[in-house]
Amino acid sequence: MEKIMVAPSLLSANFADLKSDLEKINQSEADWLHLDIMDGVFVPNISFGFPVLKYVAELSQKPLDVHLMIVQPEKFIQEVKKLGAMMMNVHYEACPHLHRVIQQIKEAGMKAGVTLNPATPVSVLEDIITEVDMVLLMSVNPGFGGQKFIPNTLKKIEQLREMITRNGASALIEVDGGVNPENAPLLQRAGADVLVAGSSVFKAPDMIKAIQELKYVE
Ligand code: DX5
Ligand code: ZN
């Protein structure tokens, strides 16, 4: 089985010493750096914005996986592009014209991801699955780090994997929220390609080891 990819989520980093946390991520086997942008409207919290991310992007040697938990994410496609992001994830629930937004992200030269909240069934993606580079399944309600993994996500991963195969699509499956070394093997077995991990990486005594533990699940 291929090694699963890991994308540490900066939301749980030490913001008083971001540089040292970013250096550790650079040294680690992390595949991407996951950046959570919140607006206090789509989700009940506000995280960080572009003035901070500009410096994060300069320091990070890992490809940037940007997760926008905001209304009207299409307004920020150029800003995300300017960061040098590899992937831009928008929420299905925030995009009435999802197909157009996906095309715009790709036209801007980034990979396009669509994110589903825990209560949104994967079936809503049936008509767009061949167009997206990744589906990000939320395994907690978005807005905060450190929440408990919702077990129903495992079923959603399996359903999504089946949909991807049936449509001959190539979308990656990423899982975000409450990921830890205990559930990582289950997520991989269900069909996940990328694991986002905030608190289980940044609150660990040894971040580099914590990332390794998530990667070598089989
Ligand atoms: C939550 C964010 C997550 C968060 C995950 O809304 O999308 O990326 O940082 O944190 P943990 O891994 O602590 O659940
Ligand atoms: Zn996220």
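Every read-out reported here was derived from the displayed coordinates using simple, explicitly stated rules and does not represent laboratory data. Given the structure is predicted, the values throughout are model-derived calculations rather than measurements. Every residue, glycine among them, receives a Cβ derived from its backbone with ideal geometry; neighbour counts consider all protein chains shown.
Hey, got a sec? Which GluC sites (Glu not before Pro) in the stretch 1-69 land in a DSSP loop and have at most 15 other Cβ atoms within 10 Å?
E2, E29
Once you put a point 7 Å from the Cα of T120 and another 7 Å from the Cα of E162, both along the Cβ direction, what distance in nm separates them?
2.1
Quick one: Karplus J couplings for the stretch 206-214, per residue in order, coefficients 6.51, -1.76, 1.60, θ = phi - 60°, nearest Hz, x for Gly and Pro?
With coefficients 6.51, -1.76 and 1.60, one gets 10, 4, 4, 5, 4, 5, 4, 5, 6 Hz.
Mind putting together the pair-distance distribution for the chain? All Cα pairs, 10 Å bins, whole percent per bin, short to long.
Result, from short to long distances: 8, 37, 40, 14, 0 percent.
What trypsin sites (Lys or Arg not before Pro) does the stretch 112-218 have in DSSP loop regions with at most 15 other beta carbons within 10 Å? All intermediate terms of the calculation are to be shown ahead of the outcome.
Numbers: sites: K148, K155, K156, R161, R166, R189, K203, K209, K215; in loops: K148, K203.
For trypsin sites (Lys or Arg not before Pro) across the stretch 112-218 that sit outside H, G, I, E and B with at most 15 neighbouring Cβ atoms in 10 Å, the list reads K148, K203.
Go through the stretch 37-50 residue by residue and turn each phi into a ³J(HN,Hα) via Karplus (6.51, -1.76, 1.60, θ = phi - 60°); whole Hz please, and just put x for glycine and proline.
Listing the rounded values in order: 9, 10, 10, x, 10, 5, 10, x, 7, 10, 10, 10, x, 5 Hz.
Can you give the Kirkwood hydrodynamic radius of the stretch 1-121 from its Cα pairs, in Å with one decimal?
Hydrodynamic radius (Kirkwood, Cα pairs) of the stretch 1-121 is 14.9 Å.
Going by amide H atoms built from the backbone, whose H comes under 5 Å of the H on G178, apart from near neighbours?
Those qualifying (amide H under 5 Å, at least 5 residues apart or on another chain) are G146, Q147, G198.
Once phi is turned into θ = phi - 60°, what whole-Hz ³J(HN,Hα) does the Karplus curve with 6.51, -1.76 and 1.60 give for every residue of the stretch 86-103, x standing for Gly and Pro?
7, 10, 10, 9, 10, 7, 3, 6, 9, 10, x, 10, 4, 4, 5, 5, 4, 4
How about the stretch 161-195: which GluC sites (Glu not before Pro) there are in a DSSP loop, with at most 11 other Cβ atoms within 10 Å of their Cβ?
E182
Magnitude of the Cβ-charge dipole of the stretch 5-215, K/R +1 and D/E -1, about the Cα centre, nearest 20 debye?
40
Return the FRET efficiency for the residue pair Y55, K155: r is the Cβ-Cβ distance, R0 is 30 Å, and the value is rounded to the nearest 0.05.
Result of the calculation: an efficiency of 0.15.
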